[in-house]
Every structure is written in C-alpha cells, then in structure tokens.
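The structure appears right after this line, and notes come after that.
The values are calculated or read from the model by the stated rules, or taken from the named source; none is laboratory data. This is a predicted model, so every value here is computed, not measured. Positions of Cβ are generated from backbone atoms using ideal geometry, with glycine treated the same way; all protein chains shown enter the neighbour counts.
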Amino acid sequence: MIKLETFKIEDWKHIEKWISNESELIQFAGSIFSFPIDETQIESYLSHPNRMVFKIVHANQQPIGMAEIYLEEGHIAKLARILIGEKTMRGKGIGTQLIDKLTKYTFNTLQKKRILLNVYQWNIGAIKCYEKAGFSKTDKPIVYIKVGHQEWATIEMEKYCK
C-alpha cells in the first residue's frame, strides 16, 4: 500500500503544504527546523551524511509523508521526523506499515541491532503505533521542551533486532 522513495530537495514543497504552523513543525521535527520551513533548511537537512530521508508514496503514486533513519554510532539507528502529512491518510494503519518498513530496512539492510525514537508523551496515537510495531519505552528520563506556553514531555522508545 505504501513504498519508500528517496526524499529529494524538490519534495520540500510537500512539507510546506503539510505543516501549517510552528506547533505542527515542532511535533514533526523537534527544533531542527524553524517556521516557516523553506528550501534552504531542507537542503541543509538533506546534506547530513548520517541521515537517510524517505518520501512515503501511497499506492496511487501520491506522496503522503516522510520519515528519516538517522545512523548513530555502532549498531544503533534512530527513526525521526516521521510524518503522515496527508491528513486524510491518517488513522488507516499507514503509520504501522511505515514503521514496519523502516524497522525491517534498518535491521535487515543497514544491519543495525537497536532502533530508537522520540515521541511526545501526549501523542497517544503515535505511541500506540510504535508499541504495535514492537517498540517499548526506555528508562531514559523524560525531557521537557517549551512550545509556546506549554511544556511537552518527550519520551524515548526502542526496539531490538531479534
């Protein structure tokens, strides 16, 4: 139902369409970008050698999101900047398919032994998706970030290669 393709600089226009405010950008990307997102930021982001960025393409050939695998030292990778940008495609199990594809690619192709990710504690849908894909919360202390007048708690989750 979905496939992963290499995210290219010209794909940045999709992110611009999917992200309409600063809170959405922080939810998707943390503090790596500033709002409004632009091509220069994406170009710098894509140039990092440890970053593998994918465009998520639906069976109808339309881009519906993006995701990143960040290669850490040793046998660890991190899933980051996971976004089903097309709001009509959310809640249909695509996130679970995506995490499954990213996990298999990380373990089988990249030969990593452990995958980490961070998620905001209030993002219950994402947490359930990650748990369904076999991730569990780590013992790492919760990190808080300030977003407007709110504090968002960030938790870390992990999955080990079997």
Are any residues in segment 1-13 surrounded by 15 or more Cβ atoms within 10 Å (Cβ to Cβ) and either under 25 Å from Ile127 (Cβ atoms) or among the basic types (Lys, Arg) (or both), and if so, which ones? Ile2, Leu4, Phe7
Here are Ile145, Ile84, Ile94: which of them is over 16 Å from the mean Cα position of the chain (by Cα), modelled with pLDDT under 95 and hydrophobic (A, V, I, L, M, F, W, C)? Ile145
Search result, residues across segment 85-142 that are among the basic types (Lys, Arg), in contact with an Asp or Glu (Cβ under 8 Å, 6 or more places away or on another chain) and surrounded by 15 or more Cβ atoms within 10 Å (Cβ to Cβ): Arg114, Lys137
So in segment 5-56, with the set limited to residues that are among the basic types (Lys, Arg) and part of a helix (DSSP H, G or I), which one is nearest to Lys146 (Cα to Cα)? Lys17
